[in-house]
1. Given labels modelled 7 Å from the Cα in the Cβ direction, how far is it in nm from residue 13 to residue 844?
2. If r is the Cβ-Cβ distance from residue 39 to residue 863 and R0 is 35 Å, what FRET efficiency results, to the nearest 0.05?
3. How much length is gained if the chain between residue 258 and residue 382 is pulled fully straight, taking 0.36 nm per residue apart and subtracting their Cα-Cα distance, in nm to one decimal?
4. Efficiency by 1/(1 + (r/R0)^6): what FRET value for residue 358 and residue 985, r their Cβ-Cβ distance, R0 = 45 Å, to the nearest 0.05?
5. Once you sort the root eigenvalues of the Cα gyration tensor of the stretch 9-94 as a ≥ b ≥ c, which label holds: rounded (a/c under 1.5), prolate (a/b larger than b/c) or oblate (the other case)?
6. Sort 883, 225, 683, 50 by Cβ crowding within 10 Å, fewest neighbours at the top.
7. R0 = 51 Å: FRET efficiency of residue 1014 with residue 220, Cβ-based, nearest 0.05?
8. What nm distance separates the two modelled labels at residue 911 and residue 277, each placed 7 Å from Cα along Cα→Cβ?
């Protein structure tokens, strides 16, 4: 056994001097000397040191603090910068592979060693100075005392040191004042690293590690960057007053490296490379890759082919003028739900007047009085009645039921019984709400177990009926969960507008249409805004009174009088820089204070405001996202106005002179105001306070970024899902249920592949160069081929147009197809059962070999690990279109466009689909590891796009891309134009055109009554017509 060499400080200095005398390093030293202080680091690779002296290189890894400190001393001496106040750093990069450790594998033996970690930057704080050498003045003598600072904890001198010409008094007999201007600081930034998703297995959650970058390293990286950080692993003791024996770890970064291409962390050996090249030459390689994608799901071959091409992707381009063209492929899947999510007919629904009605009788009533529409597993009808629901404000309130459903019951149901005697029987996929720490979480019945707490309504009304007052919900523990056979043929459901929640048997129940909703509705949920402006909706109404230099003034008058040259930072948001002293706010110690205003904001008013009133007589109207200060126990916290409730305690400020303490008031009323809204709402940026007093309320101003513990009270920029998926694939479910704020970011992210952020003084543009695989559900639960896509899912046309391919995953009865699916599913179950048996070949009556051979198609041809390596390797290729492939794509594009040349014809295809041809053909070439796109690649892309257009954009035998993107085909536009003309020709000046007359005149123009009513409905939605009285229509342009 060879023991490691231990070096003395003199030995370390000597080795560094000898190493730095090499020709390359002498040139680096000369450059460092010339460029100080702009250049403050000398960077060397580990391999250079290893070639110089392997023992010394190994010593540096195990004792980096001593080795680097001595190395920096040598550099300062050689560059004659020893007397300079500038810091000089020695940075080592490209550490050996065995020093690269996964974050989850970091252990105590790694503390104090030079290691390397790789992953994604999830969070990053602002760059701020950190004290490294404190200069203190003794209050008993004129001495200046120097106290070096290590780590993050501030340290004062233990005494007035005599060796620094001090008086010798200890800290207990004198005080020290920090002289900030004479002290020495270093720029510091804190970031949070997260393991790359490519390195995770199964359902593992990515581990995280905090890291500190200092001096010239600070401020270089941004959230979403893929980096390798080389540094020294440190430990920090937990606890402040009471010390813990447990320690946190962080990384003091020495150097960093940016990953240059996708999947760099996927290690591909020489054997892997040979196998990948061999498979790429196989003529059946594309079929094999498609067969490796979800083999347990039968059919959907075109969809699987498209997803296979999406994995490999096209090539991104940047032209000479700076124009960037994305290569990533975006795909949207619109699917039918698998099984109805309903309750049995014995459930009782809590109505808006707090009475209870049987759900079966309720549904049957509306099915009998309104038009019944069929789906393949049942029927539904429109309805209009009030029920109690759980609103986004986190409490039980009245809601409007808009649709009822009656569906075939599955054979097995799940029944829950709670501690307080509540019972409910639901389908296995039906969602209920369970307690998850301090939050509510929705879960399907299959995932809910005994011991979970279900969300139920509480609060007794005066009549003794269970109904929601105040917040109105509580928890009830499940004591029994059982699977039961169906007793009736049907199950039932109610669709509630906006919330999609109703109360059945006093249990809060999620209805069938929306699965992703809890981030908006959890009482303590965190809202992530997708907009990029710092004035994102945090505003008050114009009549709100603010206090300026002791005088009150309406905020609307104050802002408008100073809007001399406002900048429109985004549509509907104007900002004016200013400097006005004297607006009243509240200090950290809850005293009244006066701070300057530095920015003014004017925003278009949203669709509604929230009006808050207190028992002290204060009242204010604000946007839903505006935050007020709420007392929670002994702590104060910011809460959105839309999340406040009657009974909450808020901080209010008395008017008059400053330096008064704030008072506490109880909210007595929370209302939504939708009528007589002002055209604009207003906001201020208050220097150093980020809040101001309006109508006595302490309200939070513009910053939408959040201060958190990670940033030690500083603003932190955190990467979201799309940024973390940079150079990968983002799979987003329930895409149609996202908020308007999320959508505003999606537009930029999908096309320019960047996300812009301007929050709380942080301005950044983060990269999200990823493919997007989105899934959305039709509004009415089932996809209707006859209806345009845009009218069936709640997504704006501009967002739909950014998808290269859109597929509808429909579920229609078909005897032959259903037989194949049933056989496929049963084969999967049998294969899975045999895999769980220790010795399946010994089971009597079972032909193990035959079954495994017959079900061989359920096993992926390529395993997941090989697929990852194949994709990573293929991404290194940048195929170029051959003349033949280019001509094939042009000819196909022109032949489809030619269909629209006739007068009155629709537009069958646009340039966006042309780009889809190109991306798909490039991806096909990458699968073959080909440097060029050949005819077979172009042909594959053409077939997929043609299939997509025929399935999704077909209109009366022709292709009309407007049906897909806008929901209105050329034929529909013609009908709408005709109806406008009819209303214009037959409109009475007083009452407008009667519907009866329009039906008669429309028939003369070969327009059916149904087509007429559909056109009238669209004209009403667009605001082109209105009803002066029932059954009569007038054009708004004639008003």
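Values in this text are rule-based calculations from the coordinates and carry no lab data. Please read these numbers as outputs of a predicted model, since none were measured by experiment. Cβ sites come from the backbone with ideal geometry, for glycine too, and all protein chains shown count toward neighbours.
1. Each label point lies 7 Å from its Cα, and together they span 8.8 nm.
2. With R0 = 35 Å, the Cβ-Cβ based efficiency is 0.10.
3. Result: 39.0 nm gained on full extension.
4. That gives a FRET efficiency of 0.30.
5. prolate
6. By the 10 Å Cβ count, ascending, the order reads 883, 50, 225, 683.
7. It comes to 0.35.
8. 4.1 nm
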